[in-house]
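Undergrad: Sending over a structure as C-alpha coordinates; questions will come in a sec.
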Ligand code: GDP
(Lines give C-alpha, C1' and ligand atoms only; values in the text may rest on other atoms or scores of the structure.)
Protein backbone atom coordinates (compact mmCIF):
# COMPACT_ATOMS: atom_id res chain seq x y z
CA UNK A 1 0.00 0.00 0.00
CA UNK A 2 1.41 3.40 -1.03
CA UNK A 3 4.91 1.99 -1.44
CA UNK A 4 6.09 4.73 -3.69
CA UNK A 5 4.89 7.52 -1.44
CA UNK A 6 6.33 5.85 1.65
CA UNK A 7 9.67 5.52 -0.02
CA UNK A 8 9.80 9.12 -1.15
CA UNK A 9 8.73 10.48 2.22
CA UNK A 10 11.30 8.30 3.89
CA UNK A 11 13.96 9.73 1.60
CA UNK A 12 12.77 13.27 2.17
CA UNK A 13 12.86 12.92 5.94
CA UNK A 14 16.06 10.92 5.92
CA UNK A 15 18.27 13.98 5.91
CA UNK A 16 16.69 15.30 9.05
CA UNK A 17 16.67 11.93 10.74
CA UNK A 18 20.39 11.40 10.29
CA UNK A 19 22.06 14.77 10.45
CA UNK A 20 23.13 16.51 13.61
CA UNK A 21 23.09 20.03 12.28
CA UNK A 22 19.80 21.15 10.94
CA UNK A 23 19.36 24.48 9.36
CA UNK A 24 16.37 26.43 8.20
CA UNK A 25 17.59 25.69 4.71
CA UNK A 26 17.42 21.94 5.00
CA UNK A 27 14.05 22.06 6.76
CA UNK A 28 12.78 23.98 3.76
CA UNK A 29 14.48 21.53 1.40
CA UNK A 30 12.94 18.59 3.23
CA UNK A 31 9.49 20.09 3.05
CA UNK A 32 9.94 20.69 -0.64
CA UNK A 33 10.71 17.00 -1.06
CA UNK A 34 7.70 16.08 1.05
CA UNK A 35 5.54 18.21 -1.18
CA UNK A 36 6.99 16.62 -4.30
CA UNK A 37 6.29 13.16 -2.85
CA UNK A 38 2.68 14.12 -2.19
CA UNK A 39 2.24 15.51 -5.69
CA UNK A 40 3.70 12.35 -7.19
CA UNK A 41 1.17 10.38 -5.19
CA UNK A 42 -1.52 12.37 -6.98
CA UNK A 43 -2.41 14.60 -4.07
CA UNK A 44 -4.07 17.81 -5.21
CA UNK A 45 -1.59 20.70 -5.63
CA UNK A 46 -3.30 23.06 -3.20
CA UNK A 47 -3.67 20.39 -0.56
CA UNK A 48 0.00 19.45 -0.84
CA UNK A 49 1.06 23.08 -0.61
CA UNK A 50 -1.15 23.83 2.40
CA UNK A 51 0.12 20.66 4.00
CA UNK A 52 3.77 21.65 3.86
CA UNK A 53 2.99 25.21 4.85
CA UNK A 54 1.23 24.03 7.97
CA UNK A 55 4.07 21.68 8.89
CA UNK A 56 6.52 24.52 8.37
CA UNK A 57 4.52 26.86 10.59
CA UNK A 58 4.33 24.27 13.34
CA UNK A 59 8.00 23.47 12.98
CA UNK A 60 8.93 27.10 13.44
CA UNK A 61 6.50 27.47 16.32
CA UNK A 62 7.96 24.47 18.09
CA UNK A 63 11.52 25.50 17.57
CA UNK A 64 12.46 22.37 15.71
CA UNK A 65 15.91 23.73 15.05
CA UNK A 66 16.89 23.83 18.68
CA UNK A 67 15.05 20.74 19.83
CA UNK A 68 16.98 17.67 20.96
CA UNK A 69 15.82 15.40 18.19
CA UNK A 70 14.82 17.66 15.34
CA UNK A 71 14.42 14.79 12.88
CA UNK A 72 12.03 12.90 15.12
CA UNK A 73 10.04 16.02 15.78
CA UNK A 74 9.70 16.72 12.06
CA UNK A 75 8.53 13.16 11.42
CA UNK A 76 5.98 13.61 14.17
CA UNK A 77 4.75 16.88 12.72
CA UNK A 78 4.36 15.29 9.28
CA UNK A 79 2.57 12.35 10.81
CA UNK A 80 0.17 14.52 12.79
CA UNK A 81 -0.58 16.61 9.75
CA UNK A 82 -1.21 13.52 7.60
CA UNK A 83 -3.54 12.15 10.26
CA UNK A 84 -5.40 15.41 10.46
CA UNK A 85 -5.67 15.62 6.68
CA UNK A 86 -7.12 12.13 6.44
CA UNK A 87 -9.72 12.82 9.07
CA UNK A 88 -8.62 12.88 12.70
CA UNK A 89 -10.48 10.33 14.80
CA UNK A 90 -12.18 7.32 13.25
CA UNK A 91 -15.94 7.60 12.84
CA UNK A 92 -18.45 4.75 12.89
CA UNK A 93 -21.66 4.16 11.00
CA UNK A 94 -24.99 5.50 12.15
CA UNK A 95 -27.11 2.46 12.99
CA UNK A 96 -29.83 4.29 14.90
CA UNK A 97 -32.85 3.37 12.75
CA UNK A 98 -34.92 0.22 12.97
CA UNK A 99 -34.19 -0.93 10.42
CA UNK A 100 -31.13 1.25 9.84
CA UNK A 101 -31.03 2.10 6.19
CA UNK A 102 -27.66 2.38 4.47
CA UNK A 103 -27.61 3.69 0.90
CA UNK A 104 -24.61 2.90 -1.28
CA UNK A 105 -23.63 5.27 -4.06
CA UNK A 106 -20.76 5.48 -6.53
CA UNK A 107 -19.69 4.82 -10.08
CA UNK A 108 -19.99 1.47 -11.81
CA UNK A 109 -16.97 -0.69 -11.02
CA UNK A 110 -16.06 1.26 -7.90
CA UNK A 111 -16.78 -1.81 -5.78
CA UNK A 112 -20.28 -1.00 -4.48
CA UNK A 113 -21.70 -4.48 -4.74
CA UNK A 114 -18.61 -6.10 -3.28
CA UNK A 115 -18.55 -3.58 -0.46
CA UNK A 116 -22.27 -4.02 0.25
CA UNK A 117 -21.53 -7.69 0.90
CA UNK A 118 -18.47 -6.91 3.01
CA UNK A 119 -20.38 -4.40 5.11
CA UNK A 120 -23.33 -6.77 5.64
CA UNK A 121 -20.90 -9.47 6.73
CA UNK A 122 -19.05 -7.04 9.02
CA UNK A 123 -22.23 -5.74 10.67
CA UNK A 124 -23.50 -9.27 11.25
CA UNK A 125 -20.23 -10.59 12.67
CA UNK A 126 -19.04 -7.52 14.57
CA UNK A 127 -22.24 -5.72 15.57
CA UNK A 128 -24.60 -8.71 15.81
CA UNK A 129 -26.93 -7.20 13.23
CA UNK A 130 -29.29 -9.02 10.91
CA UNK A 131 -28.72 -7.29 7.57
CA UNK A 132 -30.70 -7.44 4.35
CA UNK A 133 -29.12 -6.61 0.99
CA UNK A 134 -31.36 -4.91 -1.57
CA UNK A 135 -30.52 -4.90 -5.29
CA UNK A 136 -31.63 -1.66 -6.92
CA UNK A 137 -29.64 -1.71 -10.15
CA UNK A 138 -32.48 -1.94 -12.65
CA UNK A 139 -30.27 -1.62 -15.74
CA UNK A 140 -27.91 -4.54 -15.36
CA UNK A 141 -29.54 -7.88 -14.51
CA UNK A 142 -25.99 -9.18 -13.99
CA UNK A 143 -25.58 -6.74 -11.11
CA UNK A 144 -28.62 -8.24 -9.37
CA UNK A 145 -27.23 -11.73 -9.91
CA UNK A 146 -23.89 -10.60 -8.53
CA UNK A 147 -25.50 -9.41 -5.29
CA UNK A 148 -27.31 -12.76 -4.99
CA UNK A 149 -24.02 -14.60 -5.42
CA UNK A 150 -22.51 -12.48 -2.65
CA UNK A 151 -25.57 -13.04 -0.42
CA UNK A 152 -25.53 -16.82 -1.01
CA UNK A 153 -21.85 -16.97 -0.24
CA UNK A 154 -22.33 -15.12 3.06
CA UNK A 155 -25.71 -16.65 3.85
CA UNK A 156 -27.21 -13.18 4.04
CA UNK A 157 -30.68 -12.46 2.61
CA UNK A 158 -30.97 -10.50 -0.63
CA UNK A 159 -34.13 -8.73 -1.77
CA UNK A 160 -34.54 -8.13 -5.50
CA UNK A 161 -37.32 -7.73 -8.04
CA UNK A 162 -36.05 -8.48 -11.54
CA UNK A 163 -38.22 -6.90 -14.17
CA UNK A 164 -39.28 -4.00 -11.94
CA UNK A 165 -37.58 -0.92 -13.36
CA UNK A 166 -38.38 1.50 -10.57
CA UNK A 167 -35.49 1.57 -8.10
CA UNK A 168 -37.43 3.64 -5.55
CA UNK A 169 -40.24 1.07 -5.48
CA UNK A 170 -37.72 -1.76 -5.08
CA UNK A 171 -35.92 0.06 -2.26
CA UNK A 172 -39.21 0.70 -0.45
CA UNK A 173 -40.40 -2.87 -0.92
CA UNK A 174 -37.01 -4.05 0.35
CA UNK A 175 -37.39 -1.96 3.50
CA UNK A 176 -40.91 -3.33 4.04
CA UNK A 177 -39.57 -6.86 3.55
CA UNK A 178 -36.86 -6.15 6.14
CA UNK A 179 -39.45 -5.01 8.70
CA UNK A 180 -41.59 -8.09 8.12
CA UNK A 181 -38.65 -10.42 8.44
CA UNK A 182 -36.83 -8.93 11.41
CA UNK A 183 -33.86 -7.43 9.57
CA UNK A 184 -32.47 -4.47 11.51
CA UNK A 185 -30.10 -3.19 8.82
CA UNK A 186 -30.93 -2.67 5.15
CA UNK A 187 -28.07 -2.09 2.71
CA UNK A 188 -29.24 -0.72 -0.61
CA UNK A 189 -26.96 -1.31 -3.59
CA UNK A 190 -27.70 1.10 -6.43
CA UNK A 191 -26.84 1.43 -10.12
CA UNK A 192 -23.71 3.29 -11.13
CA UNK A 193 -22.54 4.61 -14.47
CA UNK A 194 -19.04 4.70 -15.85
CA UNK A 195 -18.89 8.46 -15.35
CA UNK A 196 -20.92 11.09 -13.54
CA UNK A 197 -24.01 11.95 -15.61
CA UNK A 198 -27.28 13.70 -14.93
CA UNK A 199 -29.52 10.63 -15.22
CA UNK A 200 -27.54 8.73 -12.59
CA UNK A 201 -27.35 11.71 -10.27
CA UNK A 202 -31.10 12.33 -10.57
CA UNK A 203 -31.84 8.71 -9.86
CA UNK A 204 -29.65 8.35 -6.78
CA UNK A 205 -30.87 11.70 -5.53
CA UNK A 206 -34.51 10.61 -5.90
CA UNK A 207 -33.89 7.32 -4.12
CA UNK A 208 -32.12 9.24 -1.36
CA UNK A 209 -35.03 11.64 -0.91
CA UNK A 210 -37.64 8.88 -0.97
CA UNK A 211 -36.08 6.51 1.56
CA UNK A 212 -34.18 8.99 3.76
CA UNK A 213 -31.40 6.67 4.83
CA UNK A 214 -29.63 7.00 8.19
CA UNK A 215 -26.36 6.59 6.40
CA UNK A 216 -25.38 7.36 2.81
CA UNK A 217 -22.01 6.02 1.77
CA UNK A 218 -20.02 6.94 -1.29
CA UNK A 219 -17.84 4.15 -2.67
CA UNK A 220 -14.80 5.06 -4.71
CA UNK A 221 -11.94 3.20 -6.36
CA UNK A 222 -8.72 4.56 -4.84
CA UNK A 223 -6.78 3.63 -7.97
CA UNK A 224 -8.47 6.48 -9.82
CA UNK A 225 -6.49 9.14 -7.92
CA UNK A 226 -7.60 12.72 -8.57
CA UNK A 227 -10.66 11.44 -10.45
CA UNK A 228 -11.76 9.81 -7.23
CA UNK A 229 -11.68 13.19 -5.54
CA UNK A 230 -13.63 14.88 -8.35
CA UNK A 231 -16.28 12.16 -8.38
CA UNK A 232 -16.59 12.40 -4.61
CA UNK A 233 -17.22 16.11 -4.93
CA UNK A 234 -19.94 15.59 -7.56
CA UNK A 235 -21.76 12.99 -5.44
CA UNK A 236 -21.41 15.01 -2.28
CA UNK A 237 -22.91 18.09 -3.92
CA UNK A 238 -26.03 16.06 -4.71
CA UNK A 239 -26.27 13.69 -1.74
CA UNK A 240 -24.41 15.37 1.09
CA UNK A 241 -23.30 11.86 1.98
CA UNK A 242 -22.09 10.73 5.41
CA UNK A 243 -18.92 8.90 4.59
CA UNK A 244 -16.52 7.61 2.00
CA UNK A 245 -15.50 4.03 1.31
CA UNK A 246 -12.13 3.71 -0.39
CA UNK A 247 -11.79 0.42 -2.25
CA UNK A 248 -8.87 -1.37 -3.88
CA UNK A 249 -6.28 -0.07 -1.47
CA UNK A 250 -4.58 -3.44 -1.84
CA UNK A 251 -3.50 -2.55 -5.35
CA UNK A 252 -0.76 -0.30 -6.54
CA UNK A 253 -2.55 2.79 -5.30
CA UNK A 254 -0.51 5.96 -5.19
CA UNK A 255 -2.43 7.23 -2.18
CA UNK A 256 -3.62 10.58 -3.49
CA UNK A 257 -7.29 9.77 -3.01
CA UNK A 258 -6.87 8.62 0.59
CA UNK A 259 -4.97 11.77 1.46
CA UNK A 260 -7.04 14.35 -0.42
CA UNK A 261 -10.66 13.23 -0.23
CA UNK A 262 -11.44 14.25 3.34
CA UNK A 263 -10.33 17.82 2.92
CA UNK A 264 -12.19 18.24 -0.39
CA UNK A 265 -15.61 16.95 0.68
CA UNK A 266 -15.14 17.33 4.42
CA UNK A 267 -16.56 13.87 5.05
CA UNK A 268 -14.71 11.06 6.79
CA UNK A 269 -13.37 7.95 5.12
CA UNK A 270 -15.14 5.25 7.12
CA UNK A 271 -13.94 1.96 5.68
CA UNK A 272 -11.37 0.71 3.23
CA UNK A 273 -11.52 -2.30 0.91
CA UNK A 274 -8.28 -4.23 0.69
CA UNK A 275 -9.12 -7.14 -1.57
CA UNK A 276 -11.81 -8.99 -3.47
CA UNK A 277 -12.64 -11.36 -0.63
CA UNK A 278 -15.53 -10.64 1.73
CA UNK A 279 -13.16 -10.39 4.72
CA UNK A 280 -11.08 -7.68 3.03
CA UNK A 281 -12.68 -4.75 4.85
CA UNK A 282 -11.06 -2.52 7.47
CA UNK A 283 -12.28 0.38 9.54
CA UNK A 284 -10.30 3.42 8.41
CA UNK A 285 -8.09 4.88 11.14
CA UNK A 286 -6.32 8.02 9.88
CA UNK A 287 -3.54 7.78 12.42
CA UNK A 288 -2.78 4.14 11.64
CA UNK A 289 -2.83 4.94 7.95
CA UNK A 290 -0.38 7.80 8.51
CA UNK A 291 1.90 5.38 10.35
CA UNK A 292 1.81 3.04 7.41
CA UNK A 293 2.46 5.78 4.90
CA UNK A 294 5.50 6.85 6.90
CA UNK A 295 6.75 3.26 7.07
CA UNK A 296 6.10 2.98 10.79
CA UNK A 297 3.96 -0.12 10.35
CA UNK A 298 0.61 -0.77 11.93
CA UNK A 299 1.02 -3.36 14.62
CA UNK A 300 -2.36 -2.58 16.17
CA UNK A 301 -4.20 -3.59 13.00
CA UNK A 302 -2.02 -6.64 12.55
CA UNK A 303 -2.83 -7.92 16.03
CA UNK A 304 -6.50 -7.14 15.51
CA UNK A 305 -6.57 -9.17 12.32
CA UNK A 306 -4.92 -12.10 14.04
CA UNK A 307 -7.43 -11.89 16.87
CA UNK A 308 -10.34 -11.74 14.44
CA UNK A 309 -9.31 -15.02 12.91
CA UNK A 310 -8.60 -16.64 16.27
CA UNK A 311 -11.28 -19.14 17.05
CA UNK A 312 -11.05 -20.18 20.67
CA UNK A 313 -13.02 -23.37 20.29
CA UNK A 314 -11.01 -24.45 17.28
CA UNK A 315 -7.79 -23.71 19.17
CA UNK A 316 -8.93 -25.88 22.05
CA UNK A 317 -9.84 -28.72 19.71
CA UNK A 318 -6.45 -28.56 18.08
CA UNK A 319 -4.71 -28.55 21.44
CA UNK A 320 -6.53 -31.73 22.39
CA UNK A 321 -5.60 -33.33 19.10
CA UNK A 322 -1.96 -32.46 19.56
CA UNK A 323 -1.98 -33.91 23.05
CA UNK A 324 -3.47 -37.14 21.74
CA UNK A 325 -1.10 -37.24 18.78
CA UNK A 326 -4.01 -36.80 16.40
CA UNK A 327 -3.01 -33.57 14.68
CA UNK A 328 -3.34 -34.38 10.98
CA UNK A 329 -3.12 -32.71 7.61
CA UNK A 330 -6.78 -31.65 7.73
CA UNK A 331 -6.00 -29.57 10.81
CA UNK A 332 -2.92 -28.22 9.12
CA UNK A 333 -5.01 -27.18 6.14
CA UNK A 334 -7.41 -25.35 8.44
CA UNK A 335 -4.52 -23.45 10.00
CA UNK A 336 -3.29 -22.37 6.58
CA UNK A 337 -6.75 -21.19 5.66
CA UNK A 338 -6.90 -19.09 8.81
CA UNK A 339 -3.63 -17.37 8.01
CA UNK A 340 -4.83 -16.68 4.49
CA UNK A 341 -7.99 -15.08 5.83
CA UNK A 342 -5.89 -12.45 7.58
CA UNK A 343 -5.24 -10.85 4.23
CA UNK A 344 -2.68 -10.88 1.49
CA UNK A 345 0.90 -11.42 2.56
CA UNK A 346 2.31 -8.18 1.20
CA UNK A 347 -0.32 -6.25 3.10
CA UNK A 348 0.42 -8.10 6.33
CA UNK A 349 4.15 -7.55 6.01
CA UNK A 350 3.51 -3.85 5.40
CA UNK A 351 2.00 -3.69 8.89
CA UNK A 352 5.26 -4.71 10.54
CA UNK A 353 7.30 -1.59 11.36
CA UNK A 354 10.23 -1.27 8.99
CA UNK A 355 9.47 -4.53 7.21
CA UNK A 356 7.69 -2.92 4.28
CA UNK A 357 10.82 -1.04 3.32
CA UNK A 358 13.08 -4.00 3.90
CA UNK A 359 10.95 -6.38 1.88
CA UNK A 360 9.99 -4.06 -0.92
CA UNK A 361 12.13 -5.85 -3.51
CA UNK A 362 11.28 -9.32 -2.33
CA UNK A 363 8.63 -10.91 -4.43
CA UNK A 364 6.15 -12.21 -1.91
CA UNK A 365 4.08 -14.87 -3.49
CA UNK A 366 0.52 -14.80 -2.29
CA UNK A 367 0.20 -18.33 -3.57
CA UNK A 368 2.94 -19.50 -1.25
CA UNK A 369 0.57 -22.06 0.23
CA UNK A 370 -0.80 -23.24 -3.08
CA UNK A 371 1.60 -26.17 -3.51
CA UNK A 372 1.09 -27.29 0.08
CA UNK A 373 -2.68 -27.10 -0.26
CA UNK A 374 -2.60 -29.02 -3.55
CA UNK A 375 -0.53 -31.79 -1.97
CA UNK A 376 -2.88 -32.09 1.01
CA UNK A 377 -5.92 -32.07 -1.27
CA UNK A 378 -4.43 -35.00 -3.19
CA UNK A 379 -4.23 -37.13 -0.05
CA UNK A 380 -6.99 -39.52 0.92
CA UNK A 381 -8.79 -38.79 4.22
CA UNK A 382 -6.96 -41.71 5.76
CA UNK A 383 -3.58 -40.37 4.66
CA UNK A 384 -4.42 -36.95 6.05
CA UNK A 385 -5.25 -38.19 9.52
CA UNK A 386 -2.56 -40.82 9.57
CA UNK A 387 0.40 -39.63 7.45
CA UNK A 388 2.60 -42.59 8.44
CA UNK A 389 0.77 -44.75 5.88
CA UNK A 390 2.17 -42.63 3.06
CA UNK A 391 4.69 -44.94 1.41
CA UNK A 392 6.71 -44.50 -1.79
CA UNK A 393 3.93 -45.41 -4.21
CA UNK A 394 1.46 -43.17 -2.41
CA UNK A 395 3.95 -40.32 -2.55
CA UNK A 396 4.18 -40.81 -6.30
CA UNK A 397 0.41 -40.72 -6.63
CA UNK A 398 0.09 -37.61 -4.45
CA UNK A 399 2.83 -35.83 -6.39
CA UNK A 400 1.10 -36.59 -9.64
CA UNK A 401 -2.33 -35.62 -8.39
CA UNK A 402 -1.16 -32.28 -7.03
CA UNK A 403 1.05 -31.36 -9.96
CA UNK A 404 4.12 -31.38 -7.69
CA UNK A 405 7.02 -33.80 -7.31
CA UNK A 406 7.76 -36.65 -4.92
CA UNK A 407 10.51 -34.43 -3.59
CA UNK A 408 8.04 -31.71 -2.66
CA UNK A 409 5.72 -34.25 -1.06
CA UNK A 410 8.67 -35.58 0.94
CA UNK A 411 9.60 -32.10 2.02
CA UNK A 412 6.11 -31.34 3.26
CA UNK A 413 5.93 -34.63 5.13
CA UNK A 414 9.25 -33.91 6.78
CA UNK A 415 8.20 -30.42 7.81
CA UNK A 416 4.90 -31.72 9.07
CA UNK A 417 6.68 -34.36 11.13
CA UNK A 418 8.99 -31.83 12.71
CA UNK A 419 6.11 -29.51 13.41
CA UNK A 420 4.04 -32.26 15.03
CA UNK A 421 6.97 -33.24 17.25
CA UNK A 422 7.51 -29.66 18.25
CA UNK A 423 3.89 -29.02 19.03
CA UNK A 424 3.73 -32.10 21.18
CA UNK A 425 6.75 -30.95 23.15
CA UNK A 426 5.44 -27.45 23.55
CA UNK A 427 2.36 -28.96 25.06
CA UNK A 428 4.46 -30.83 27.57
CA UNK A 429 6.61 -27.77 28.15
CA UNK A 430 9.77 -29.68 27.35
CA UNK A 431 11.84 -26.83 26.03
CA UNK A 432 15.10 -28.71 25.77
CA UNK A 433 13.65 -31.57 23.79
CA UNK A 434 11.98 -29.04 21.55
CA UNK A 435 15.26 -27.42 20.67
CA UNK A 436 16.60 -30.81 19.73
CA UNK A 437 13.65 -31.55 17.53
CA UNK A 438 14.13 -28.27 15.75
CA UNK A 439 17.70 -29.17 15.01
CA UNK A 440 16.83 -32.62 13.73
P1 LIG B 1 -19.81 -2.05 -8.61
O2 LIG B 1 -20.03 -1.97 -10.09
O3 LIG B 1 -19.58 -0.71 -8.01
O4 LIG B 1 -20.88 -2.80 -7.89
O5 LIG B 1 -18.43 -2.80 -8.40
P6 LIG B 1 -18.14 -4.32 -8.03
O7 LIG B 1 -18.47 -4.59 -6.61
O8 LIG B 1 -18.76 -5.22 -9.04
O9 LIG B 1 -16.54 -4.36 -8.15
C10 LIG B 1 -15.86 -4.16 -9.36
C11 LIG B 1 -14.59 -5.02 -9.36
O12 LIG B 1 -13.69 -4.57 -8.37
C13 LIG B 1 -14.86 -6.48 -9.05
O14 LIG B 1 -14.05 -7.27 -9.87
C15 LIG B 1 -14.45 -6.62 -7.59
O16 LIG B 1 -14.01 -7.93 -7.30
C17 LIG B 1 -13.31 -5.63 -7.50
N18 LIG B 1 -13.14 -5.10 -6.15
C19 LIG B 1 -14.04 -4.53 -5.34
N20 LIG B 1 -13.47 -4.10 -4.19
C21 LIG B 1 -12.16 -4.42 -4.26
C22 LIG B 1 -11.02 -4.24 -3.38
O23 LIG B 1 -11.09 -3.68 -2.28
N24 LIG B 1 -9.83 -4.71 -3.85
C25 LIG B 1 -9.69 -5.31 -5.06
N26 LIG B 1 -8.49 -5.73 -5.42
N27 LIG B 1 -10.72 -5.49 -5.89
C28 LIG B 1 -11.94 -5.06 -5.52
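The values are calculated or read from the model by the stated rules, or taken from the named source; none is laboratory data. Since the model is a prediction, treat every value here as computed from it, not as a measurement. Using ideal geometry, Cβ is built from the backbone for each residue, glycine included, and neighbour counts are taken over all protein chains shown.
Undergrad: Would you tally the residues in the stretch 155-171 being within 16 Å of the ligand (Cβ to nearest atom) and not in a helix (DSSP H, G or I)?
TA: Qualifying residue count, the stretch 155-171: 3.
Undergrad: Within the stretch 139-156, can one find any residue that is within 15 Å of residue 102 (Cα to Cα) and in the same structural domain as residue 265 (by TED's automatic domain parsing)?
TA: no
Undergrad: Answer yes or no: is there a residue in the stretch 84-100 that is within 16 Å of the ligand (Cβ to nearest atom) and assigned to a helix (DSSP H, G or I).
TA: So far as the stretch 84-100 goes, no, none of its residues is within 16 Å of the ligand (Cβ to nearest atom) and assigned to a helix (DSSP H, G or I).
Undergrad: Next question. Which of the residues belonging to the stretch 197-223 are within 20 Å of residue 166 (Cα to Cα) and touching a residue at least 40 places away in the same chain (Cβ under 8 Å)?
TA: 204, 207, 208, 210, 211, 212, 213, 216
Undergrad: Starting from residues that are at pLDDT below 75, outside any helix (DSSP H, G or I) and surrounded by 13 or more Cβ atoms within 10 Å (Cβ to Cβ), keep the ones in the stretch 301-345 and report whichever is nearest to the chain's Cα centre (by Cα).
TA: Checked the stretch 301-345; the qualifying residue nearest to the chain's Cα centre (by Cα) is 343.
Undergrad: Only residues that are more than 7 Å from the ligand (Cβ to nearest atom), touching a strand residue (DSSP E or B) at 6+ places or on another chain (Cβ under 7 Å) and over 11 Å from residue 276 (Cβ atoms): list them for the stretch 106-123, please.
TA: 116, 119, 120, 122, 123
Undergrad: Quick check on residue 233: is it more than 19 Å from residue 109 (Cα to Cα), away from the ligand (no atom under 16 Å from the Cβ) and either free of Cβ contacts under 8 Å to residues at least 60 places away in the same chain or not in a loop (DSSP other than H, G, I, E, B) (or both)?
TA: no
Undergrad: Suppose we keep only residues that are in a helix (DSSP H, G or I) and away from the ligand (no atom under 16 Å from the Cβ) within the stretch 213-230. Which one would you say is surrounded by the most Cβ atoms within 10 Å (Cβ to Cβ)? Break it down stepwise before answering.
TA: Taking the stretch 213-230 first, the residues in a helix (DSSP H, G or I) are 222-224, 226-230.
Filter again for away from the ligand (no atom under 16 Å from the Cβ), leaving 226, 229-230.
Numbers: 226: 16, 229: 23, 230: 14.
Selected residue: 229.
Undergrad: Another question, if that's okay. Of the conditions (1) without any contact (Cβ under 8 Å) to a residue 24 or more places away in the chain; (2) outside any helix (DSSP H, G or I), residue 267 satisfies every one except a single condition; which number is it?
TA: (1)
Undergrad: Report whether or not residue 251 is assigned by TED's automatic domain parsing to the domain that holds residue 239, more than 17 Å from residue 89 (Cβ to Cβ) and at pLDDT 80 or above. Write out each step before concluding.
TA: Working: assigned by TED's automatic domain parsing to the domain that holds residue 239: yes; more than 17 Å from residue 89 (Cβ to Cβ): yes; at pLDDT 80 or above: no.
No, not satisfied.
Undergrad: All but one of (1) buried (at least 18 other Cβ atoms within 10 Å of the Cβ); (2) more than 30 Å from residue 254 (Cβ to Cβ) hold for residue 205, so report the exception by its number.
TA: Answer for residue 205: the failing condition is (1).
Undergrad: Considering every residue within the stretch 127-147, establish whether at least one is without any contact (Cβ under 8 Å) to a residue 12 or more places away in the chain, at negative phi, within 13 Å of the ligand (Cβ to nearest atom) and not in a loop (DSSP other than H, G, I, E, B).
TA: Yes: one or more hits.
Undergrad: Filter the stretch 241-259 for residues that are closer than 23 Å to residue 50 by Cβ and surrounded by 24 or more Cβ atoms within 10 Å (Cβ to Cβ) and give the result.
TA: 244, 246, 253, 255, 256, 257, 258, 259, listed by residue number.
Undergrad: Right, here's the next one. Assuming residue 152 fulfils every condition listed in (1) crowded, with 18+ Cβ neighbours inside 10 Å; (2) in a helix (DSSP H, G or I) apart from one, which condition is it?
TA: Result: residue 152 passes all but (1).
Undergrad: Considering only residues that are part of a loop (DSSP other than H, G, I, E, B), farther than 12 Å from residue 137 by Cα and in contact with a strand residue (DSSP E or B) (Cβ under 7 Å, 6 or more places away or on another chain), which ones fall in the stretch 175-211? Even if it seems obvious, please write down each step before you answer.
TA: Applying the first criterion (part of a loop (DSSP other than H, G, I, E, B)) to the stretch 175-211 yields 181-184, 191-197.
Still in the running and farther than 12 Å from residue 137 by Cα: 181-184, 194-197.
The answer is 183, 184.
Undergrad: Can you tell me which residue among 238, 259 is modelled with pLDDT under 90 and assigned to a helix (DSSP H, G or I)?
TA: Testing whether each residue is modelled with pLDDT under 90 and assigned to a helix (DSSP H, G or I) leaves just 259.
Undergrad: Hey, another quick one. Is it fair to say residue 174 is under 24 Å from residue 239 (Cβ atoms) and within 12 Å of the ligand (Cβ to nearest atom)?
TA: Here the answer is no, as residue 174 does not meet what is asked.
Undergrad: While we're looking at this one, here's another question. Restricting the search to the stretch 272-293, which residues are surrounded by fewer than 19 Cβ atoms within 10 Å (Cβ to Cβ) and in a strand (DSSP E or B)?
TA: 283
Undergrad: Only one residue in 198, 277, 262 is at negative phi and within 11 Å of the ligand (Cβ to nearest atom), so which one is that?
TA: Within the list 198, 277, 262, the selection yields 277.
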